[in-house]
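Below: the structure, in structure tokens.
The values are calculated or read from the model by the stated rules, or taken from the named source; none is laboratory data. Remember, predicted model here, so these are calculated numbers, not experimental data. Neighbour counts are summed over all protein chains in view; Cβ atoms, including those assigned to glycine, are modelled from backbone coordinates with ideal geometry. In case anyone asks, the SASA skips ligands and DNA or RNA and just uses the protein heavy atoms, side chains included. Shrake-Rupley method; radii C 1.70, N 1.55, O 1.52, S 1.80 Å.
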Amino acid sequence: FWSVSAPMGNNVSATPFRPGDVARIVRIGLGDGQVQHFMRQEHFNQALGLPVATPIDVDAIAWSPNFGVFFSLDQDVVANTVCGPALLRDGDVLCVPPWALTYTPDMRVNTVAPMSVVVAYTEAQMDAMTVNAQVNDRFGVCLNNVVDVEGLEIDLFGPVIGVPTTCGVAIQVPTLIYSCETGTGASLLTTQFGGQIFMTPCGPAGTPCGGG
């Protein structure tokens, strides 16, 4: 899944991608594949309880039919969540739960329940996990905040936790792998155990603090 940072022109597509859209690449036979809309700006705005034409910029997204859509925005926005009006920060990880989504036959988002977004992790929680990960940026400086969540993926091998909300709606949140704006050394972190450097089969996906 990916999203553009600036609108594509009509010379690329009759329905160009916007920063509020999320696309996916699918294989077409033995060819090179095709880019399709997976979830449109209008879907995100419905989940956020905003007018559907509101310009937004989706920075990060991860999806599973079992857990729903997890995403983060590029800028703070006042939205209408499951628990009511809230200021959503660009470092928050948001969730559109499975019950709020319907799909097309090829598993693209078809409809989204209005005002269905839930805050899975606040920016403060992401900051804390980033600090706990003890990872350097490219200058060898230990990260002390997230600023903005730039990438998300679901770790299918990590534990799943129940996250309660202030209004009593609980969601199931899998372990999330994430990148952040401050992580200029291209590090990947995980929410597992309260925040740590993600471990790949080849080793840690980041340089530990004090490691150069």
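The table for this structure:
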| item | result |
| --- | --- |
| Scan of segment 178-212 for residues that are touching a residue at least 24 places away in the same chain (Cβ under 8 Å), open to solvent by less than 20 Å² (accessible area, probe 1.4 Å), in a strand (DSSP E or B) and not aromatic (Phe, Trp, Tyr), ordered by number | 180, 189, 190 |
| Strands (runs of 3 or more DSSP E) wholly inside segment 54-167 that include at least 3 residues being surrounded by 21 or more Cβ atoms within 10 Å (Cβ to Cβ) | 58-64, 68-73, 93-96, 118-121 |
| Condition check for residue 89: charged (D, E, K, R) and out of contact with any His (no Cβ under 8 Å at 6 or more places or on another chain) | yes |
| Residues within segment 162-181 that are within 23 Å of residue 148 (Cβ to Cβ) and modelled with pLDDT of 90 or more, tallied | 10 |
| Residue match in segment 56-75 (condition: more than 16 Å from the chain's Cα centre (by Cα) and over 18 Å from residue 173 (Cβ atoms)) | no |
| Extreme residue, nearest to residue 116 (Cα to Cα), among residues of segment 15-47 that are open to solvent by 10 Å² or more (accessible area, probe 1.4 Å) and in a strand (DSSP E or B) | 37 |
